[in-house]
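Trainee: Next up is a structure, given as structure tokens.
The values are calculated or read from the model by the stated rules, or taken from the named source; none is laboratory data. Being a predicted model, the structure only gives us computed values, none of them experimental. Neighbour counts are summed over all protein chains in view; Cβ atoms, including those assigned to glycine, are modelled from backbone coordinates with ideal geometry.
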Amino acid sequence: MLASGPGVLPWERAESVRSEVYLRPRALTTYSAMRSRTWRSSLRTLSALSQGKTPGPEASMSKLVGAVLQQHAASFAMELAGASSALLDDLAPERAAWQQRYLSLPGLRIAGGTDEVLRNIIAERVLGLPPDARADKGISFKDIPTGPPKS
């Protein structure tokens, strides 16, 4: 909402306009992206489960996109809170919840497969691209050469 009225200072009005022009579209974009991702991936996963199948690469797509979107949403929430988002206030645990989410999301992106591993799964299973070349394919783990090359 734009700040207006006789008691509003010029820089407050400018800040209000900036907020209206910058923050509202960003909030709507973040919200709609989160909702559409949740809806699409949930339907695909539920459809596979209802048919007695195990969810396939759609779970990888959901995790990849979802983790990135959650990280953007948490970053946006911290930006909205401003400088106070850096403070941990025992009297306002809801602020700490956004801090917790913001700080834990990089770990979530690593847990269960890094973004690169998930992209490989999507490339191979969904797009049908050939797998990465592997020098150790067909060799047992104990026979993989380690250390500097022998001359």
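Trainee: So which residues in region 69-104 are part of a loop (DSSP other than H, G, I, E, B) and either hydrophobic (A, V, I, L, M, F, W, C) or at pLDDT 75 or above (or both), if there are any at all? Write out each step before concluding.
Mentor: At the first step, the residues of region 69-104 found to be part of a loop (DSSP other than H, G, I, E, B) are 87-92.
Residues satisfying the conditions are L87, L88, L91, A92.
Trainee: Go through region 97-128 residue by residue and tally those that are among the aliphatic types (A, V, I, L, M) and farther than 20 Å from V65 by Cα.
Mentor: 1
Trainee: Given the structure, is A48 at pLDDT 70 or above, surrounded by fewer than 16 Cβ atoms within 10 Å (Cβ to Cβ) and among the hydrophobic types (A, V, I, L, M, F, W, C)? Can you show your working first?
Mentor: Values: at pLDDT 70 or above: yes; surrounded by fewer than 16 Cβ atoms within 10 Å (Cβ to Cβ): yes; among the hydrophobic types (A, V, I, L, M, F, W, C): yes.
It is true that A48 is at pLDDT 70 or above, surrounded by fewer than 16 Cβ atoms within 10 Å (Cβ to Cβ) and among the hydrophobic types (A, V, I, L, M, F, W, C).
Trainee: Given (1) more than 30 Å from A59 (Cβ to Cβ); (2) modelled with pLDDT of 80 or more, identify the lone condition not met by E124.
Mentor: Against the list (1) more than 30 Å from A59 (Cβ to Cβ); (2) modelled with pLDDT of 80 or more, E124 comes up short only on (1).
Trainee: Let me ask something else. Based on this model, can you work out whether S60 counts as surrounded by 10 or more Cβ atoms within 10 Å (Cβ to Cβ) and either part of a loop (DSSP other than H, G, I, E, B) or at pLDDT below 75 (or both)? Break it down stepwise before answering.
Mentor: Working: surrounded by 10 or more Cβ atoms within 10 Å (Cβ to Cβ): yes; either part of a loop (DSSP other than H, G, I, E, B) or at pLDDT below 75 (or both): no.
Considered against the rule, which asks whether it is surrounded by 10 or more Cβ atoms within 10 Å (Cβ to Cβ) and either part of a loop (DSSP other than H, G, I, E, B) or at pLDDT below 75 (or both), S60 comes out as no.
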